[in-house]
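The values are calculated or read from the model by the stated rules, or taken from the named source; none is laboratory data. All values derive from a computational prediction rather than experimental measurement. So basically every Cβ, Gly included, is an ideal-geometry build from the backbone, and we count neighbours across all protein chains shown. Accessible surface is based on the protein model in full, side chains and every heavy atom, while ligands, DNA and RNA are left aside. Shrake-Rupley method; radii C 1.70, N 1.55, O 1.52, S 1.80 Å.
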Amino acid sequence: MKFGEKTREVRVTAVALLTYVVGAVLVLQHLWADPQGRMFADNNQDQIFFEWVLTHAARLFTHGDNPFFTDQLNAPVGVNLMANTSVLGLALPLAPITLLFGAGVTFVLIDTIALAGTAAAWYYILSRHVVTSRAAAYVGGLFCGFAPSMISQSTGHPNIAGQFLIPFIVWNVLRLREPGPAVRRGLVLGAVVLYQCFINEEILFLTAVAMFIFLLAYLHPREYLPTVRTALPALLVGAVAAGVLLAVPLYHQFFGPQAYHGLPDFVHGFSSDLASFKEFSRRSILAPDDLSVIEKMGGATEENTFFGWPLLGLVLAGTVALWRQRAARALFITALVFALLSLGTVIKYDGADTSWHGPWKWVHELPLFDSVVPTRLGLVIAPLLGVMLALLIDRYVVGLPAPAVAGSTPFGGTAGSPQPPAEPSGPDPDDSPAPDRPDPRGVLAAESSAMPEKSEGAVAVKTDRRPELEETTPAARWLWAVALIIALVPLVPTPQPAAPRSPIPAFFSTNAWRAEIPENSIVVGIPMGWFEGLDVMRWSTEGAGLDFRIAGGYFLVPDDNDPKKAAMFGPHTRPTMQILNTAANDGTVPHIAPDQLAQAKADLAYWQADYLVLPDQHNNSEAVHQTADQFFGPGKHMVDVWVWKVTH
C-alpha cells in the first residue's frame, strides 16, 4: 500500500472511531453530566451492583481482597463473585479511575467503552477481512455497536453490552481453517477467550453456540471432517492454555463457596415476544408514545429483538439478493435459529402466552444452557445482521466486490487496495472444495466478494463472474441506499434517561459512622428487603468504600431450599426481618412474644451482626424503630439513623 493510501486509511479509521465514541457519549450524556450524582432511570439496581464490584476490584490493590469471593456482601456467608459477573476484565484495569474519581465515573466509562468499543472492533474486522468499502464496514460496525439490543443492554449491563472482544474471537476461530502454526494461533485464541471470561461468560457461550451453527450452515457436510482436522490442533492449544489459567477461577465459580447451578425458575420465563421483532424499542427515535404497547413484550434492559418492520423487510430482501453466497445464507440461518430460540419454552405474542412450545424447551435444561436467560439469545442476532448489512452495502450500494484472494477463512483475506481483477474462470456451481481438504479460498472468496489480501505474498485467485455478480446499476444502488436509510434511521437511539441519586444517610456520606462502627464490622440494615438491600450497598460503596461488611444486598446465591442449588436473588429472609418488614409496610407496631425474642437472637447469631442501622428517611421508620427496640433494646440515634450495637 502506498504512503498516501495508508494515510487516508488511518484518517478514515480515526474518523470512524471518533464518531463511535461521540455516539456512545451522546447516548449516555445524561449520566456523563454527573456520574456521581445520577443513576440510570430505567435500571439503577444493576448500576448499584456494578458500582459495588468496581469498588471491590479497586480494593484488591489497597486491601488485597479475594477477586473471586467476598464476605463484604451478604456477610457472613458471602458471595461468589465469579458467578456474579464481577467484570474483572474491566474493573481491574480501570481501578485507578475508581480510586481517583469514584465508581460512578468508572461505570459510565465502561458503558461507553462497551458501545464504542464493540462498534470499533466490528469495524476493524469488517474493513480488513470482509468488505471492500470502508463505508460498508462503518455502517456494519455502527449497527453492531448501537443496535437496539445493545442500547437496551447498556442500561445497567455493561458486561453484556461490552462485546468488543467477540469479533476477534470469531475471526480467530474462522481462520483456523487456514494452514499455519497451530501453537501461535491457539495461544492467540486462548488469550482472547480468557479475557472475555472476565468480562462476561454468557456472551462467550452464546458466541460459541452461534459459531457452531454458522459453520454447520456454511460448510458442506463433506467439509466437516477436514475442517475439524485442520482446526483441532490450534483449538486444543487454545483450550489448554486458557483452561490452565482459568482453572482456579472456574473452580471457584462452579464448586467454590456459594456456587449455584442454574437460574431461578422465573428467569427462564424471560423470553422474546414474537411480536417484538416488528416493533421499535423505547430508546429509538420512532419509539411508540405509549410505552405500554411494548412494555408487555420486554423490559427496558432486555429489548433484544426490537428491530422494527422496515429492517425485517430489508433483511429478507437482502437475504434473497445474497442467497447465492454461502456466507450470507449461513448468517441468515444462524440469525433465524437464534430468533426462534430466544422465544423461550412457551412462545408469547403481544405479551400473552400462546399454546406453542418454542425450541428452547428442548435444550434449556442442559448444562450451561440452564444458565442462559432466553431473551438474551436474541443478542446474537444483531452482529449477524450487522455483518449482513455490511455485505449488502458492499455489494449493492458501493458496487461490484473486489477480486477474491487466497485464504481459508470464511470471509476471505485482508482488506486493502484494489488489485487488478483476475481472469474469469469457468463456473463452479457448487462452490465447494475437494472433499479431502478445506476450501482454500474462503466463503466470500469462493463467492467473488472477498477482499484482496494486502499482506505480502498474497496471490489472487480466479473468480467466477456470474451474471448475478455483475455491476449494480445506479438506479438499483439508489434503491438499496434508500431502503437502508428507511430501515436504519428509525433505529437511531435516543439518550438514556438518568435521574438524581436518592441521598444516602448523612451518617455514612459524612463519614460519621467511623466514630461508632469499627472497620470490618458486620452491619445489618433494617428492615431488610429488595430495595433496602440496594440502599445498604450504596451505604457501603458511596459512604464507606466497603470498609464495613453488610448482611444482605443484591446478588445471586444458591437457594438452600432447592435440592439442585439453583440461584436466587438476594439473601434468605430471616423470621425477625419478616416482622420488621411488616412494620415498615403497615406502620403498625406488633407485640413481640418470648419465642420471637429467642428467634431474634438466633438471627443475630446467623448474621454474626455487630450493628443494626435504621435510616430516619425509611418509610414508617418510627414503627420499625419501636419494633426493633423490643427485639434489640433501646437504639442510639446518630445524625439521621438509629443504631443498635449487638453484644455477643
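Odds and ends about this structure:
- Within the range 583-605, not a single residue is touching a strand residue (DSSP E or B) at 6+ places or on another chain (Cβ under 7 Å), in contact (Cβ under 8 Å) with a residue 12 or more places away in the chain and crowded, with 21+ Cβ neighbours inside 10 Å.
- Lys348 meets the stated requirement of being open to solvent by 40 Å² or more (accessible area, probe 1.4 Å), touching an Asp or Glu at 6+ places or on another chain (Cβ under 8 Å) and either within 29 Å of Thr155 (Cα to Cα) or in a loop (DSSP other than H, G, I, E, B) (or both).
- The residues of the range 357-395 that are touching a strand residue (DSSP E or B) at 6+ places or on another chain (Cβ under 7 Å) and open to solvent by less than 20 Å² (accessible area, probe 1.4 Å) amount to a single one, Gly358.
- Count of the range 610-638 residues which are under 20 Å from Ala512 (Cβ atoms), open to solvent by less than 70 Å² (accessible area, probe 1.4 Å) and part of a loop (DSSP other than H, G, I, E, B): 4
- Residue in the range 224-236 that is closer than 25 Å to Leu73 by Cβ, of a type in the set (D, E, K, R) and open to solvent by 30 Å² or more (accessible area, probe 1.4 Å) present: no
- Residue that is nearest to Val372 (Cα to Cα) [pool: residues in the range 175-218 that are in a loop (DSSP other than H, G, I, E, B) and open to solvent by less than 10 Å² (accessible area, probe 1.4 Å)]: Asn200
- If the condition is being part of a helix (DSSP H, G or I) and modelled with pLDDT under 95, then the range 256-281 contributes Asp265, Phe266, Val267, His268, Gly269.
- Count - residues of the range 265-292 that are closer than 26 Å to Pro558 by Cα and open to solvent by 40 Å² or more (accessible area, probe 1.4 Å): 3
- Top-ranked residue of the range 122-135 - restricted to ones that are small (Gly, Ala, Ser) and surrounded by fewer than 24 Cβ atoms within 10 Å (Cβ to Cβ), ranked as farthest from Leu379 (Cα to Cα): Ser133
- Applying the condition of being polar (S, T, N, Q) and modelled with pLDDT of 95 or more to the range 466-501 and asking which residue is nearest to Leu385 (Cα to Cα) yields Thr494.
- Residue match in the range 327-338 (condition: open to solvent by 30 Å² or more (accessible area, probe 1.4 Å), touching a residue at least 24 places away in the same chain (Cβ under 8 Å) and either farther than 25 Å from Ala161 by Cα or of a type outside the set (A, V, I, L, M, F, W, C) (or both)): yes
- When Ser86 is tested against the conditions (1) surrounded by 24 or more Cβ atoms within 10 Å (Cβ to Cβ); (2) modelled with pLDDT of 95 or more; (3) over 20 Å from Val380 (Cβ atoms), the lone failure is (2).
- Tally, over the range 251-307, of residues that are in contact with a strand residue (DSSP E or B) (Cβ under 7 Å, 6 or more places away or on another chain) and among the basic types (Lys, Arg): 1
- Number of positions in the range 240-264 that are of a type outside the set (Ser, Thr, Tyr) and open to solvent by 50 Å² or more (accessible area, probe 1.4 Å): 10
- Number of residues in the range 486-517 that are hydrophobic (A, V, I, L, M, F, W, C) and within 27 Å of the chain's Cα centre (by Cα) equals 7.
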